[in-house]
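Below is one structure. I have some questions about it.
The values are calculated or read from the model by the stated rules, or taken from the named source; none is laboratory data. As the structure is a computational prediction, the values presented were derived from the model and not from experiment. Please note: Cβ atoms are built from the backbone with ideal geometry, for glycine as well, and neighbour counts cover all protein chains shown. We work out accessible area using only protein heavy atoms, side chains counted, and drop any ligands, DNA or RNA first. Shrake-Rupley method; radii C 1.70, N 1.55, O 1.52, S 1.80 Å.
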Amino acid sequence: MAWRKRRQADRGQPGHPDTPARTRVSRTGDAIAAHGGVAISGHVEQLNISTFEIAVAPGLERPTLPRQIGGIPARAMVFQHRDEMDHLRAAVDDGGTAVLSQVLTGMGGVGKTQLAAEYARTAWASGSLDLLIWITASDRSSIISEYARAGAALCHANPEFPEEAAQAFLAWLQPRQGSHTIRWLVVLDDISSPADIRGLWPPTCPDGRTMLTTRRRDAALTGRGHLVEVGLFREKEAVEYLTQFLAQHRRREPTTELVALAAALGFLPLALSQAAAYIVDTDLDCLSYRRLLAQRTSRLLHLLPDTESLPDDQQIPVATTWSLSLERAEALAPAALARPLLQVAAMLDPNGVPGAVLTSKPILAYLATYRIRLFSPYSESLRVSAPEVIRALRVLYRLSLVDHNSNDPLQTVRVHQLVQRTARDEMNPHQFDRCGRVVADALAAAWPASEIDAALGRVMRINTLALMRCAESAMFGSHAHPLLFLAGTSFGRSGQVTAARSYYKQLSGTSARQLGKGHPDTLALRHDLARWQGESGDAIGAVAAFKELLTEMLRTLGPMHPNVISARHSLARWRGDAGDAAAALMEFTALLDLQLQQAASSSPAHLPVRHRLAYWRGDVSALVDPAPEPEYPPGPDDMDLLATRHSIAYWRGRAGDSAGAAKAFADLLVDRLRILGPDHPDTLANRHSLAYWRGESGDPAGAATATAQLLADRIRVLGSDHPDTLTSRHSLARWRGDAGDAAGAAAAFTELLADRLRVLGADHPDTLASRHSLAEWRGRSGDVAGAVAGFTDLVDDRTRVLGPKHPHTLAARKALTAWQT
């Protein structure tokens, strides 16, 4: 009986095999579809993440050092040594006793990032570092994501819970008595706000160093270490830079001309690099370039009357050199691509744009349209190809307008913020909004259907936020752009539940102002806000939010609108998760009756069936640009009705009727086999749920047999490492134990734990679930001490990962108490 009570405590939580998966219908958030997997958990040796000498669990390897994490920006074509570099090295390297945090501050375009990168490269090449981490720190989310990536690599933290993984990494940096010495350098490039780094400063220790670059001079930043002011080039440095650049191309100019050119450009390194590239590419001399510069400056003073709004008081040098260089780029092959391509890049993250975004179909079509306006609209040659885009990027790189690295698919193109600002300011409001919408289309088209690559998901979110900051109005025309929903879902699925909730809260307010409070997309955003409120642990608050939302949706959309159906699904689900299984069952039953009434009526309904199928299949392209939907009444085979029937069966079991749940899943399986086929994910999940409730109704041997058959099919369809396949292994081990083979169950969970550690990471909920179950079956096979030790460690880790009041933490604590007594 004690075992059954402990087991019962884990049901209905995220990761449990019979907790219905949430499927967003028509961009609204949660609808209930099939899901499977038992969320009863197990044991692993605890990771002592606060020391360098890691207590590594069985199956985990110690981190390999030396190691570099994060890409250091490429060295400038001509790197000019500066006095600031000498000051920096003196401050950092003074016998290991100097201030260990360095803050490089200065206006945009003066070369802060290049100085930090040069120091990092030199330190790494000298062998004086065991660990080098470079982070593009333009916002807090980026810092947390990169810390989490480091935590996953170094101390086996789970990157799906970025906040916890980030703190685990920071704790790992702090040495402890008796630990090995590790020499590390963390570079945080382009801090834009002191708030972004609050609570995320690397620890102060003798063998660790931290370096920041920022335009800010707030005491919260500059007071944390040695301040290095990076200013404009001195006259000598500017002349040396221009001399070296020209010499690489077998060019020489009188020193007086170099001084005059540098003075005309205000000694700004960014402007000097663009001017030097233009001079070499056009074979001009400095005097001729200065004459062009003077003419263009005079014109821009009239074209840019609001130049005071440009950053850092450097608007004229940047605008003039940019204008001349871009004009040159436009004249080079491939024709008429440089300007619109730079404008596109100006909408995105200055620290790195994935190449796939810039070569996506929306961007190619946009560039072709630009060509058509300049040339004949009838020529086939005006079509733009991806290779042409790459050649255009190389032209922009040649003229120092962008940094292009084709070997880095995540941060292929970097553009300085001053260049971005100048490129955006050239567009009129109509061009600006159109460009913003095209960039949103491109991001959505390039978004991965399945975010297996966590780094790619992070970069896509960062670029989405950059676009929202500069062109938010373009994201709201007659509707909210689908990209907004993709990014929000990505935040949540990456483990940043709090960030997802904050994101949707902000967007809901923006949508209400732009589209109106009753607009379907505003209501859809509120739906997702309520969803992530629940996922963050506030099930009761989610119920209240969905009740309020449903009232508004019924008033504006009507009772049978797909988004209303989705909201009713979600309200019922969160009522159950808040503890009222009977109410959830009653609401789902009433919803099914309403859906059947609609199916029996002759009134057609607009049902986005292809949209829902695309979401279930992970077809992002169909979500972004779905095919037209036919008008027809929903029938008994409609996916929404199947999803509702699944939920009714599930909550019937949760309400205490295990046999009724098993029968309902058996009936539903017949229909899903007929409609979806044997290999559809919903059909496989239905089989899992059927086996689960058969076991719960008293037939563990039958459940084990059915789960073994399902496991073979999931391996065939999904592969051996797919999370659903691992879930079937979890359930099979559990049912074999319930059928009488406790030792076999413990052995199976031991093997499963090793695979979940390898595939999912140490802090993934499914990995913690395996530890829970392993500890339980160790105890049931006679190893009470092993059970107590396992649950003791598990309570600590679930408290750290999930919080002390999370139901899974409470379940582990309850199990520990049971085995201790």
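When only the heavy atoms of the protein chains count and the probe is 1.4 Å, how do PHE267, PHE245 rank by accessible area, highest first?
So the residues, ranked largest to smallest area, are PHE267, PHE245.
Oh, and also: Pop a pseudo-label 7 angstrom from the Cα along the beta-carbon direction at both THR705 and ILE540 and give the gap in nm to one decimal.
The answer from the label model is 4.6 nm.
Using Cα positions and a limit of under 26 Å, work out the lysines in reach of LYS663, with same-chain residues fewer than 8 apart set aside.
Straight-line reach from LYS663, under 26 Å: LYS5.
What length, rounded to one decimal in nm, is gained on full extension from ALA335 through to VAL759, with 0.36 nm per residue of separation minus their alpha-carbon distance? Write down the numbers at each step before the final one.
Working: separation 424, 0.36 × 424 = 152.64 nm, distance 4.73 nm.
Length gained, ALA335 through VAL759: 147.9 nm.
In addition: Of the cross-linked pairs LYS112/LYS505; LYS112/LYS236; LYS505/LYS547, which ones have a Cα-Cα span greater than 29 Å in the structure shown?
The pairs that break the limit, which is 29 Å between Cα atoms, are LYS112/LYS505.
Quick one: with all protein chains in place, what share of the accessible area of region 709-795 is carbon or sulfur, to the nearest percent (1.4 Å probe)?
Carbon and sulfur atoms account for 52 percent of the accessible area of region 709-795.
Which order, highest average first, do 695-703, 74-82, 348-356 follow once you tally other Cβ atoms within 10 Å for each residue and take the mean per peptide?
348-356, 695-703, 74-82
Then there is this: Compare THR369, THR222 by solvent-accessible area with a 1.4 Å probe and give them largest first, with all protein chains kept in place.
On the way: THR369 50, THR222 30 Å².
So the residues, ranked largest to smallest area, are THR369, THR222.
Suppose all protein chains stay in the model; what accessible area per residue would a 1.4 Å probe give for region 217-293, in Å²?
Numbers: 3680 Å² over 77 residues.
That works out to 48 Å² per residue.
Separate question: Given 0.36 nm per residue, what is the gain on full extension from GLN431 to ILE372 after removing their alpha carbon distance, in nm?
Extending this stretch completely gives an extra 19.7 nm.
Cβ neighbours within 10 Å, averaged per peptide: list 225-232, 281-288 in order, most packed at the top. Working shown, then result.
Working: 225-232: 18.6, 281-288: 15.0.
Highest to lowest by the protection proxy: 225-232, 281-288.
Could you give me the percent of Cα pairs per 5 Å distance bin for region 644-790, shortest bin first, beginning at zero and ending with the bin that holds the maximum distance?
P(r) over region 644-790, rounded to whole percents: 2, 11, 17, 19, 21, 16, 10, 3, 1, 0, 0.
OK, next. For ALA195 and HIS81 in the same chain, what is the full-extension length gain: residue separation times 0.36 nm, less their Cα-Cα distance, in nm?
On the way: separation 114, 0.36 × 114 = 41.04 nm, distance 3.23 nm.
Length gained between ALA195 and HIS81: 37.8 nm.
Using a probe radius of 1.4 Å on heavy atoms only, what accessible surface per residue do you get for region 404-534? Whole Å² is fine.
With the other protein chains kept in place, region 404-534 gives 36 Å² per residue.
What translational diffusion coefficient, in µm²/s and rounded to a whole number, does the Stokes-Einstein relation yield for region 729-821 at 10 °C and a viscosity of 1.306 mPa s, taking the hydrodynamic radius as the Kirkwood radius over Cα pairs?
Using the Kirkwood radius from Cα pairs, D works out to 122 µm²/s.
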